[in-house]
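Scroll down for the structure; my scribbles are underneath it.
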């Protein structure tokens with residue numbers, strides 16, 4: 001009933017939101033003399049805050065239209081090259097000469113399936129595009145996936161990752177941000193164990209819970225503070241009609257958003273308080289930055305219940321991967337099999353979601369991997385989102401990631417290719 005009550009509340013507020021937007025436009029109309037007064041700007045600001053606070057935010061656009069690469073400005077077009085029931089594989093196609101395209105390494109960016117849409121990585125994609133041929137996983141909101149498509153759990157997630165990697169025939173570098181570090185690491189472990197010739201050229205894991213026992217954060221403590229039965233009974237609900245996925249069991253995006261907001265409630269309240277005063281003062285630049293951030297932050301998606309519960313239990317409660325107890329469809333996931341795929345891990349010193357050491361732990365699980373194929377970077381002065389977005393990412397983290405990828409981009413020799421086929 002929880003989801004149904006939420007939808008009822010949204011429907012009940014719709015007329016008030018429409019009226020608020022209409023009156024806001026009236027108070028901001030330059031032909032209205034009151035729009036130039038403090039009273040008029042205050043009324044418009046209050047109405048905007050009401051409308052934005054009660055709106056249901058939809059999936060944002062990528063808004064990446066061009067990139068400067070190889071000394072020229074080229075248009076960029078996101079093109080879906082593979083469609084799965086719960087995910088689209090999107091290629092950010094740059095309008096560059098074919099020779100220029102071939103010079104850049106292919107990067108498969110595995111976006112988080114943790115409540116927000118893949119567009120949360122807009123800045124990451126934009127910064128990668130000048131020097132890389134970028135592909136991104138766009139996970140689909142579970143409330144739009146019909147029940148006929150079947151369930152989606154952590155095992156299915158790993159299946160998807162393996163399929164996406166194999167599509168490139170070994171010519172791709174995989175970058176996983178936050179939540180997908182575990183399924184990506186598991187996928188590569190499984191591919192190495194069966195000597196798959198299509199293993200990626202390298203893997204970059206960024207701010208993810210490979211071993212959530214290290215430096216536990218509030219997120220980790222929340223996940224371990226209650227039994228799995230509590231999550232099943234209290235946060236799992238059915239998608240209501242008329243969504244295509246009606247009756248599918250999900251972890252609703254609005255509950256995930258409540259958790260995000262609750263972790264830093266004071267900061268979000270202060271941000272909206274500041275927005276109100278900036279609108280009255282006519283500070284359009286600051287208001288635009290606020291809108292841009294919250295249009296992305298408040299846009300959330302539903303997660304399949306099977307995937308959510310299995311992730312909570314496997315990754316955060318029982319720590320099966322670092323303890324050597326994780327299985328994928330009955331097959332053990334053994335990271336010690338990783339010997340061919342170079343591994344880089346990246347963490348943020350101020351990360352309050354994934355604690356220091358949780359991602360670096362991946363190196364301890366790969367004893368066969370030579371030191372020449374390892375790298376770790378702990379970035380000072382950044383929190384969770386700063387690991388993959390923002391000025392520090394562009395100027396300090398990305399150069400190291402770029403260098404790591406380039407170092408392992410070289411073409412395999414004839415002998416290496418023969419040995420790989422034999423293996």
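The values are calculated or read from the model by the stated rules, or taken from the named source; none is laboratory data. All values derive from a computational prediction rather than experimental measurement. Positions of Cβ are backbone-derived with ideal geometry, glycine not excepted, and every protein chain shown enters the neighbour counts.
Residues of region 320-338 that are crowded, with 16+ Cβ neighbours inside 10 Å and within 18 Å of residue 157 (Cβ to Cβ): 320, 321, 326, 328, 333, 335.
Could you name every one of the strands (runs of 3 or more DSSP E) located completely within region 132-215 that has at least 1 residues being surrounded by fewer than 22 Cβ atoms within 10 Å (Cβ to Cβ) and in the same structural domain as residue 385 (by TED's automatic domain parsing)?
133-139
Among the strands (runs of 3 or more DSSP E) confined to region 47-108, the ones with at least 3 residues that are touching a strand residue (DSSP E or B) at 6+ places or on another chain (Cβ under 7 Å) and surrounded by fewer than 13 Cβ atoms within 10 Å (Cβ to Cβ) are located at 72-84. When residues in region 361-392 are screened for being surrounded by 14 or more Cβ atoms within 10 Å (Cβ to Cβ) and either at positive phi or touching a strand residue (DSSP E or B) at 6+ places or on another chain (Cβ under 8 Å) (or both), 19 of them pass.
Which of the residues that make up region 292-351 are closer than 30 Å to residue 54 by Cα and either more than 18 Å from the chain's Cα centre (by Cα) or in a helix (DSSP H, G or I) (or both)?
In the first step, residues of region 292-351 are kept if they are closer than 30 Å to residue 54 by Cα; the result is 292-309, 312, 351.
The answer is 292, 293, 294, 295, 296, 297, 305, 306, 307, 308, 309, 312.
Please indicate, with yes or no, whether at least one residue in region 406-417 is closer than 29 Å to residue 216 by Cβ, modelled with pLDDT under 95 and surrounded by fewer than 16 Cβ atoms within 10 Å (Cβ to Cβ).
Here is the first cut: in region 406-417, the residues closer than 29 Å to residue 216 by Cβ are none.
Within region 406-417 (the criterion being closer than 29 Å to residue 216 by Cβ, modelled with pLDDT under 95 and surrounded by fewer than 16 Cβ atoms within 10 Å (Cβ to Cβ)), the answer is no, since none of the residues qualifies.
When region 109-121 is filtered for residues that are surrounded by fewer than 22 Cβ atoms within 10 Å (Cβ to Cβ) and under 22 Å from residue 202 (Cα atoms), only 112 remains. Answer yes if at least one residue in region 155-163 is touching a residue at least 60 places away in the same chain (Cβ under 8 Å), touching a helix residue (DSSP H, G or I) at 6+ places or on another chain (Cβ under 9 Å) and closer than 25 Å to residue 100 by Cβ, and no otherwise. Within region 155-163 (the criterion being touching a residue at least 60 places away in the same chain (Cβ under 8 Å), touching a helix residue (DSSP H, G or I) at 6+ places or on another chain (Cβ under 9 Å) and closer than 25 Å to residue 100 by Cβ), the answer is no, since none of the residues qualifies.
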